[in-house]
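J.: I'd like to ask you about the structure that follows.
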Amino acid sequence: MVKPPLLKNNYIYTILLFWGALVVVSAVYIIIPITDSLAAYFQVTEQQAAWMSSVFSVFYACGFLLFAPLSQKFGNKQIIVFGLLVLACFTFLTALPQAYNTVLTFRALQGLFAATFAPTALAYVFELFPDHWRITVIGYISFGYVLSGVIGQAVADHVSQLLDWQSVFYLFAAIYIVTALLFIWLLPKVSNETKKNVMAEYMRQWRVISKRKNLLLCYGITFPLLFTFIGMYTILGDYLQAAPYYLSDEDIFYVRALGVIGMIFSPIAAKIACRVKELTLLRFSLCLSMISLILMGVSSSLPLIVIMSITYVAGIACTFPVIMKIIGDISGLERSAASSFYAFVLFIGASLGPIISLVVVEIWGRAGTHLFLAGCIAIAFLMTLSMKLHGGYKRADPFSEIHL
């Protein structure tokens, strides 16, 4: 094990891990603003084009279950760098001229290897940083995760407007290669230890967490978070381009970019969660998102729709660190399996969000879709009413190995 890094190195490592979280998870969202372009290019329906987002998220979710134990076996830095290099290759291949089904295959492989970052990055934090610095690093990594939901869309939208949709993938492939090289050069390898019986321990943890009611409720609350987030943004651009708004692509870019304002509340919520009851903050955050979706659906005022999209994002951004803290508190020694399944459920929701939202919008229209998404958040809120947090589990640091 290496010595704790110097203060100057702490800042460098923190910035690198924040950057890694931002660019890797952005791959989930880059399809949203270019769905129309993909549909036109491949001559498929918008629903079929949305599968490029969904298939990524499905394999991304499954990758968490695979790479969490592998990172314990081979080392965290090694798995992260390996994943970035392979992700860069498949991101590049996605942009090459080819059949639609081939692109879907490459998007699936993108998702699988993008999953190498999240289950390893925060475990790496606990190996590398001293106790007093870990919460700061975790806050920045979590901020990178939630910020990617807006930055990924905004960058993809801007690049596709200036050039074409293929350039979005070329750009991100280059970013992943540069990021991998920076990680190789600047991040230390913290352990040479080879762990044995990793899978046996992992399966034991699965058996334990499957019997904990509060954890199961947490997963039920987790599912609609990205389901509604990606669902809302999937339909946002289409109806703002239509009557009575007639916004240009550039205007819609700015609307998406304004979501960054809501993301700022994520690190703030992490600090508030240390001072108030987690369930109180969780319920408030879910209510804020639910009410925002309802008002977006029933209002025809463009300024109100934009403001409510920001408050919706703020509610979702506040929910993430709270649900992460709760899972960390109640999972104890089973954190590895508990956090992996949290991420699995989160991105299964992300994979279904665009497909189901496009189906619902055709049947019920914009207002009905927003009310449907608000109903999903309402169910999550009702689940919080069944939760009772108390002691009784062996507790470790609440954020260890919990990831988005």
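J.: Restricting attention to segment 35-69, report how many residues are touching a Lys or Arg at 6+ places or on another chain (Cβ under 8 Å) and of a type in the set (A, V, I, L, M).
T.: Total meeting the criteria: 2.
J.: Still on this model: Considering only segment 247-322, give the helices (runs of 4 or more DSSP H) lying wholly within it that have at least 2 residues that are closer than 26 Å to residue 367 by Cα. Step through it out loud before you land on a result.
T.: Working: elements: 249-257, 259-263, 265-272, 278-298.
Answer list for segment 247-322: 249-257, 259-263, 278-298.
J.: Can you tell me which of (1) at pLDDT below 80; (2) in contact with a Ser or Thr (Cβ under 8 Å, 6 or more places away or on another chain); (3) surrounded by fewer than 24 Cβ atoms within 10 Å (Cβ to Cβ) is the one residue 130 doesn't meet?
T.: (2)
J.: Still on this structure, please answer the following. Among the residues of segment 210-227, is any within 30 Å of residue 96 (Cα to Cα) and either touching a residue at least 24 places away in the same chain (Cβ under 8 Å) or part of a helix (DSSP H, G or I) (or both)? Full working, then the answer.
T.: As a first pass, look at segment 210-227 and keep what is within 30 Å of residue 96 (Cα to Cα): 226-227.
Remaining after also requiring either touching a residue at least 24 places away in the same chain (Cβ under 8 Å) or part of a helix (DSSP H, G or I) (or both): 226-227.
Within segment 210-227 (the criterion being within 30 Å of residue 96 (Cα to Cα) and either touching a residue at least 24 places away in the same chain (Cβ under 8 Å) or part of a helix (DSSP H, G or I) (or both)), the answer is yes, since at least one residue qualifies.
J.: Another question, then. Any residue at all in segment 348-371 that's more than 20 Å from residue 230 (Cβ to Cβ) and in contact (Cβ under 8 Å) with a residue 12 or more places away in the chain?
T.: Just the residues of segment 348-371 that are more than 20 Å from residue 230 (Cβ to Cβ), to begin with: none.
For segment 348-371, residues more than 20 Å from residue 230 (Cβ to Cβ) and in contact (Cβ under 8 Å) with a residue 12 or more places away in the chain: absent.
J.: I would also like to ask the following. Go through segment 255-298 and count every residue that is more than 14 Å from residue 323 (Cβ to Cβ), modelled with pLDDT under 90 and of a type in the set (Gly, Ala, Ser).
T.: The number of residues fulfilling the criteria is 3.
J.: Say whether the condition of being within 16 Å of the chain's Cα centre (by Cα) and under 24 Å from residue 63 (Cα atoms) is met by at least one residue in segment 307-316.
T.: Scanning segment 307-316, I find at least one residue that is within 16 Å of the chain's Cα centre (by Cα) and under 24 Å from residue 63 (Cα atoms), so the answer is yes.
J.: I need every pair where a residue in segment 281-301 that is farther than 16 Å from residue 231 by Cα has its Cβ under 8 Å from the Cβ of a residue that is of a type in the set (Lys, Arg), sequence separation at least 6 or different chains.
T.: As it stands, the answer is none, since no pair meets every condition given.
J.: Count, please, the residues in segment 83-95 that happen to be without any contact (Cβ under 8 Å) to a residue 60 or more places away in the chain and more than 20 Å from the chain's Cα centre (by Cα). So that I can check it myself, show each step before the final result.
T.: Filtering segment 83-95 down to residues without any contact (Cβ under 8 Å) to a residue 60 or more places away in the chain leaves 83, 86, 90, 93.
From what's left, more than 20 Å from the chain's Cα centre (by Cα): 93.
Here the count works out to 1.
J.: Given (1) crowded, with 21+ Cβ neighbours inside 10 Å; (2) modelled with pLDDT under 80, where does residue 332 come up short, assuming only one miss?
T.: The number of the failed condition is (1).
J.: If we scan segment 252-271, do we find a residue that is aromatic (Phe, Trp, Tyr) and within 23 Å of residue 37 (Cβ to Cβ)? Steps first, please.
T.: Filtering segment 252-271 down to residues aromatic (Phe, Trp, Tyr) leaves 253-254, 265.
With within 23 Å of residue 37 (Cβ to Cβ) added as a condition, the list becomes 253-254.
Within segment 252-271 (the criterion being aromatic (Phe, Trp, Tyr) and within 23 Å of residue 37 (Cβ to Cβ)), the answer is yes, since at least one residue qualifies.
J.: A further question on this structure: Please identify the pairs in which a residue from segment 241-255 that is at positive phi has its Cβ atom under 9 Å from the Cβ atom of a residue that is among the hydrophobic types (A, V, I, L, M, F, W, C) and modelled with pLDDT of 85 or more, counting only partners at least 6 apart or on another chain.
T.: Here the result reads 246/240, each pair linking segment 241-255 to a residue that is among the hydrophobic types (A, V, I, L, M, F, W, C) and modelled with pLDDT of 85 or more.
The values are calculated or read from the model by the stated rules, or taken from the named source; none is laboratory data. Just so we're clear, the structure is a prediction, and the values are computed from it rather than from any experiment. FYI the Cβ positions are ideal-geometry reconstructions off the backbone, even for glycines, and counts take in every protein chain you see.
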